[in-house]
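Following: one structure in C-alpha cells, then a few remarks.
The values are calculated or read from the model by the stated rules, or taken from the named source; none is laboratory data. The shown structure was predicted, so the numbers you read here are calculated from the model rather than taken from an experiment.
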Amino acid sequence: MFNDIGPLELVTLVVLAVLVFGPDKLPKMIQDVTRTIRKIREFSESAKADIRDELGPEFKDFEFEDLNPKTFLRKQLDNDELGLKEIRNGFDLKKEMAEVTDAVHSRESDSSASANGSAGGSVDMTKKAEKADPDERPPYDADAT
C-alpha cells in the first residue's frame, strides 16, 4: 500500500501528524484509523465471499483481480494452451524490420538470400512508368471514381 513512500517522506508525515493532532491525541487517532481500515477490509472480504457464493460452483476459480484488464490480459497471454508463447518467441521483430528495410531499399538481406537459395536475384519494388501509346486511353478504374 505504501510502497512508494520513502523514509524522508515517512518522517515528514509523522512530524506533521504530531504537530496537527498533538502527542496526546495521536495514539487515539492511529487506533481509530487502523480500526476503520480493518472494518473496511472485513466488509470487502465478506462482500467477495457473498459474490462467490451467489455465482455458484462454476466460478470457483474466479478472482476479483482478474477484473483489472491488465491482469486479465497478462493471465490470458501467459496461458500456454493457445500456443502464444511459441508465436511470441518465434517472432523476431528486429529481423523482420531489417528484411522489410532491405526490401524497400532494394538490397538483399543475408537471411533472404540464403532462404531463397539465389545469391544474385533481387526483387525490384520501385514503380516504373509503363510506355503507353499516345492514342490509347488509360484503363478505367471503377474504384477511383
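Does E65 meet the test of being modelled with pLDDT of 80 or more and among the acidic types (D, E)? In short, no. Scanning the range 4-45 for residues that are charged (D, E, K, R) and either on the phi > 0 side of the Ramachandran plot or outside any helix (DSSP H, G or I) (or both) yields D4, D24, K25.
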